[in-house]
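This report refers to the structure that appears directly beneath it.
Here, each number is a calculation from the coordinates, and none is a lab measurement. This is a predicted model, so every value here is computed, not measured. Every residue, glycine as well, gets a Cβ built from its backbone with ideal geometry; the counts of neighbours run over all protein chains shown.
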Amino acid sequence: MTYIGRFAPTPSGPLHAGSLVAALASWLDARHHGGRWLVRIEDVDRPRVLPGAAEVILGQLARCALVPDEPPLWQSTRDAAYEAALARLRRAGLAYDCACTRREIGEALLLQGHAHARHGERIYPGTCRGGVPPALRRRPVRAVRLLTQRGGAPVCIEWEDRRLDASVQNMTQNVTEAVGDFVLRRADGCWAYQLAVVVDDAAQGVTHVVRGEDLADNTARQILLQRDLGLPTPSYLHTPLVLGADGAKLSKQNGARALDLADPVATLSAAALVLGLPPLLAGTPGAWLDQAVSAWAGIIARYSQPQR
Ligand code: GLU
């Protein structure tokens with residue numbers, strides 16, 4: 001089998017315990033399948049990028065013997081590919097310019113009777129869907145959105161995961177109603193994560209996406225974009241999250257500290273515990289990883305059991 005996996009960090013800071021879990025799981029799964037493992041630096045969200053963080057991340061991975069099989073791909077070099085994808089969506093009538101401000105979107109939603117916020121993002125009320133209205137035309141174009149109403153019908157995407165099932169995660173999403181016409185290129189000119197990740201997973205030939213469960217909610221949108229762009233859909237495995245002291249996903253706000261890499265085997269062992277791997281005895285990161293690959297078979301067999 002041709003297996004290509006990847007780890008795709010956003011260089012907004014160094015790796016923390018949670019991101020190492022995703023890196024380790026994607027590496028183990030690639031090696032278990034005799035596949036290749038790539039790293040992609042997701043630096044399209046320019047305001048969030050911390051200068052030097054990508055280099056720190058690559059150094060942290062190397063200290064854990066997690067070395068990609070090819071030089072990393074930097075999304076900041078990929079404008080032409082994202083432009084081409086956007087042009088294709090426009091030609092298909094699936095992408096449109098939107099000149100609305102956030103405030104106008106909020107006001108239009110209130111007028112329509114819903115103050116529906118979702119992860120801080122609002123479902124777009126459709127003001128510019130049929131073309132930017134005359135009153136807004138003199139504004140510079142602010143964002144580009146994907147049309148999620150197709151012939152008046154909503155778009156429903158059903159997907160499968162190698163670990164999650166419908167008892168813990170909604171695996172059928174009515175993208176039109178749950179998310180709406182989402183952004184492909186932001187008002188500040190930055191490419192949206194959804195478009196960049198779909199274009200690059202396909203360009204890198206990624207067959208298996210292994211990433212943290214906090215990203216599961218994006219999967220339906222990404223599958224929709226893959227279909228719209230005529231790209232294959234990879235297999236998905238969303239891994240358990242490291243929780244902070246408050247029970248929420250670990251983040252800088254609830255205690256994520258920079259990884260302690262004085263003893264990389266101890267750090268890898270802590271990440272492995274989150275994935276359900278048994279304790280392993282090995283002196284070096286390389287030897288530890290070899291043992292972990294063997295143990296990974298048991299983990300994925302357990303993940304695939306329904307109703308954990
Ligand atoms: N860049 C994303 C993040 O760091 C991950 C993207 C992905 O794995 O699909 O959260």
**Complete:** Rounded to the nearest 5, the percent of antiparallel DSSP beta bridges in the chain equals 55 percent
**Item:** Over the chain: helical MRE at 222 nm, DSSP H runs n ≥ 4 each giving -39500 (n - 2.57), nearest 500
**Value:** -10500 deg cm²/dmol
**Fill in**
Ranked output for segments 89-101, 70-82, 199-211 by mean other Cβ atoms within 10 Å, highest leading, reads 199-211, 89-101, 70-82
**Request:** Using only alpha carbon pairs under 8 Å that are at least six residues apart, calculate the relative contact order of the chain and give it in whole percent.
**Result:** 23 percent
**Fill in**
Mean separation of Cα contacts under 8 Å (at least 6 apart) over the residue count of the range 144-295, i.e. the relative contact order in percent, is 18 percent
**Request:** Tell me, for the chain, which Cys residues have no other cysteine's C-beta sitting closer than 4.7 Å.
**Result:** CYS64, CYS100, CYS156, CYS190
**Request:** Work out the length of the dipole vector of the range 224-308 about its Cα centre, built from +1 on the beta-carbon of each Lys and Arg and -1 on the beta-carbon of each Asp and Glu, and round it to the nearest 20 debye.
**Result:** 260 debye
